1. Mind listing which trypsin sites (Lys or Arg not before Pro) in segment B:45-112 are in a DSSP loop and have 14 or fewer other Cβ atoms within 10 Å?
2. Cut-off 10 angstrom, C-alpha nodes, Gaussian network model of chain A. Which of A:19, A:64, A:32 fluctuates the most?
3. Pick from B:74, B:92, B:27: which is most flexible by mean-square fluctuation in a GNM of chain B where alpha carbon atoms under 10 Å apart are linked?
4. How many percent of the alpha carbon pairs in the protein assembly as shown exceed a separation of 31 Å?
5. May I ask for the Rg/Rh ratio of segment B:36-111, computed from Cα atoms with Rh as the Kirkwood radius, given to two decimals?
6. Using DSSP to call loops (not H, G, I, E or B), can you name the trypsin sites (Lys or Arg not before Pro) in segment A:44-114 whose Cβ has at most 12 other Cβ atoms within 10 angstrom?
7. Tell me, for the protein assembly as shown, which Cys residues have no other cysteine's C-beta sitting closer than 4.7 Å.
8. Where a Cα-Cα gap under 14 Å defines reach, which aspartates and glutamates qualify for residue B:108, not counting those fewer than 8 residues away within the same chain?
Amino acid sequence: QLQLQESGPGLVKPSETLSLTCTVSGGSVTRSSYYWGWIRQPPGKGLEWIGSVYYSGSTYYNPSLKSRVTISVDTSKNQFSLKLTSVAAADTCVYYCARQDYPGPTFDYWGQGTLVTVPS
Amino acid sequence: QSALTQPASVSGSPGQSITISCIGTSSDVGVYNYVSWYQQHPGKAPKLMIYDVSNRPSGVSIRFSGSKSGNTASLTISGLQAEDEADYYCSSYTYSSTPGVVFGGGTKLTVL
């Protein structure tokens, strides 16, 4: 059974960089046809796609976040990562990692999510 | 990328059927058969319920069905049960100048 687990700091200071890692177990990030994505959700609000990465390193991002986002993959560790620069209070969200059956928005396996708080 | 439009809330009684709409544009729902629906209970990760407009993943009840007409996708839940009470989100592949994924704002389903 595929499992994903987010890890990283729960508190990030304004203007700093948010860094999260998603560790995949029970399967490989190198499986073809699947991208690996990050989705976030502000407390009490809806879902927002951040971006996705293929095991080759190919990425695509939400245009509204593209200037601040980098998503990368480490096939040797079976992990993929998110970096979001210049964070502000509006970036306080639960961050989810998920497997994506590209090109559709088909996220079939999700991590449990991790809350990252940026104090105002 | 603009968010897809969903009603904020819908409700129904046990045993009834409800439909949640998801309005997109000619850059997403209207031109691609890549629409998914997610169920989210409080404090939990979203769960994939429908993909590619009308396909159900293994293990999802046949009470859940999806469809699309023009720029509007729909999720129908028949035979409502108490455990169906949750938030539901639609999502679509989108391509204007670049490819991407867009979500709807979410719909709170209340089972009366």
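1. Here the trypsin sites (Lys or Arg not before Pro) that fit, given the DSSP loop and packing criteria, are B:63.
2. A:64
3. For chain B, modelled as a Gaussian network with Cα springs under 10 Å, the answer is B:27.
4. Beyond 31 Å sits 19 percent of the P(r) for the protein assembly as shown.
5. Using Cα coordinates only, the ratio equals 0.97.
6. Hits after loop and neighbour filter: A:45, A:77.
7. Cysteines lacking a close Cβ partner in the protein assembly as shown: A:93.
8. B:83, B:84, B:85, B:87
Values in this text are rule-based calculations from the coordinates and carry no lab data. Every value quoted in this text rests on a predicted model; they were computed, and no experiment measured them. Positions of Cβ are backbone-derived with ideal geometry, glycine not excepted, and every protein chain shown enters the neighbour counts.
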